[in-house]
């Protein structure tokens, strides 16, 4: 069957006609000051991709296109609907027998439909809540294995990549709680061949647009993009986002103050909320200790952390050491389970000094900051960790550490009493 030319969808594939993703940019006047819903501009972009490719592009999702703030797509096409209409269906709108948004509250059905669509030479995009994307673990596994084997067959033409947006993420489950907190799909993806897997954690809307454009143009990969749908701080202009995403990892000069010499500590982050909290911790430390030299690194392409001998996107040991140093403490604030960073970076020179904070199965229906505190990824925990790890601060940081702890307790008590985060914390912006 696989040798049948009718089953060789890559022979039928036509490149997508693509709008310029730069036209959907969020305006950023100053880093870390304004907020936007990260996925909403992506919805407008995907809608226009569909408009230009009405015969070979579909968007799939388990009944979550609107919830994931991608509903601008409906301006181009309604949901696919072939069953009879009940009175309540007419109130829902967005239903049509020729709709190109395919939804069903069944993750594995949607992933299977997308696979079939790709294998027959078309292009697609799937979004899912982070905690429920595990429903397709085994289906992802088999597709990744198929892609790896197909690369070894000269006659098998490349197909469009399977593009998966993971949103409604662990750190913004203010209403859904513990059942909706599980970032572990990334651990599953890392198990598969480096030839076919890619993981991206864009920190803001412009980075998400840049990454998504790249993924839609790619072929023979499984691209996993992790980005939340709620309002988040915006950090990079579109031009800077393109450069940052092209590199996949980089020093944010505007958040660092170590350029004239060696850093005393490296603050690193991957993910939207972890990046915000790591920046807030950096601001706390710079206010308390003006002479402390801090280097801030943000990671978009997670596989940059692996050696280039293990993954084609990986950094050489020279480049990794240049970023993370060979002997300075590194506080790494991560979107997922902490052990994944250690798994990727265990062979690096400075691995023993890399201290990772991430999700630890702690939480319920918490405010965002309280959830961060419970899992030690919050600004206060990170700042106190730096005092513990940097020798020059261990002797002089006692009073600052006490203040950070007092603020953390105050924030937690406020959340318990009022059900929301303190305005000073919730509305925090980058002060430098």
Q) Is it fair to say residue 226 is within 28 Å of residue 145 (Cβ to Cβ), surrounded by fewer than 23 Cβ atoms within 10 Å (Cβ to Cβ) and touching a helix residue (DSSP H, G or I) at 6+ places or on another chain (Cβ under 9 Å)? A) no
Q: Within the stretch 164-209, count every residue that is assigned to a strand (DSSP E or B) and more than 12 Å from the chain's Cα centre (by Cα).
A: 1
Q: Considering every residue within the stretch 391-406, establish whether at least one is in contact with a strand residue (DSSP E or B) (Cβ under 7 Å, 6 or more places away or on another chain) and buried (at least 21 other Cβ atoms within 10 Å of the Cβ).
A: no
Q: Looking for whichever is in contact with a helix residue (DSSP H, G or I) (Cβ under 7 Å, 6 or more places away or on another chain), in the same structural domain as residue 40 (by TED's automatic domain parsing) and surrounded by 17 or more Cβ atoms within 10 Å (Cβ to Cβ) here; the options are 147, 114, 165, 186. Which one fits?
A: 186
Q. Are any residues in the stretch 281-302 surrounded by fewer than 23 Cβ atoms within 10 Å (Cβ to Cβ) and assigned to a helix (DSSP H, G or I), and if so, which ones?
A. 283, 284, 286, 287, 288
Q) Which one is surrounded by the most Cβ atoms within 10 Å (Cβ to Cβ), of the residues in the stretch 117-144 that are closer than 28 Å to residue 4 by Cβ, touching a helix residue (DSSP H, G or I) at 6+ places or on another chain (Cβ under 6 Å) and free of Cβ contacts under 8 Å to residues at least 60 places away in the same chain? A) 136
Q. Among the residues of the stretch 354-361, is any loosely packed, with under 14 Cβ neighbours inside 10 Å, outside any helix (DSSP H, G or I) and at pLDDT 95 or above?
A. yes
Q. Scanning for something farther than 24 Å from residue 246 by Cα and part of a loop (DSSP other than H, G, I, E, B), does the stretch 140-152 turn up at least one residue?
A. yes
Q. Scanning for something touching a helix residue (DSSP H, G or I) at 6+ places or on another chain (Cβ under 6 Å), modelled with pLDDT under 95, buried (at least 17 other Cβ atoms within 10 Å of the Cβ) and over 18 Å from residue 225 (Cα atoms), does the stretch 8-15 turn up at least one residue?
A. yes
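Looking at 33, 64, 88, 83, can you tell me which residue is at pLDDT 95 or above and at negative phi?
From the options 33, 64, 88, 83, the qualifying one is 33.
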Q. Being more than 27 Å from residue 169 (Cα to Cα) and part of a loop (DSSP other than H, G, I, E, B), is that true of even one residue in the stretch 311-322?
A. yes
Q.
With the structure loaded, tell me whether residue 277 is closer than 20 Å to residue 380 by Cβ and buried (at least 23 other Cβ atoms within 10 Å of the Cβ) or whether it fails that test.
A. yes
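The values are calculated or read from the model by the stated rules, or taken from the named source; none is laboratory data. Everything numeric in this text was worked out from a predicted model, so none of it was measured. Neighbour counts are summed over all protein chains in view; Cβ atoms, including those assigned to glycine, are modelled from backbone coordinates with ideal geometry.
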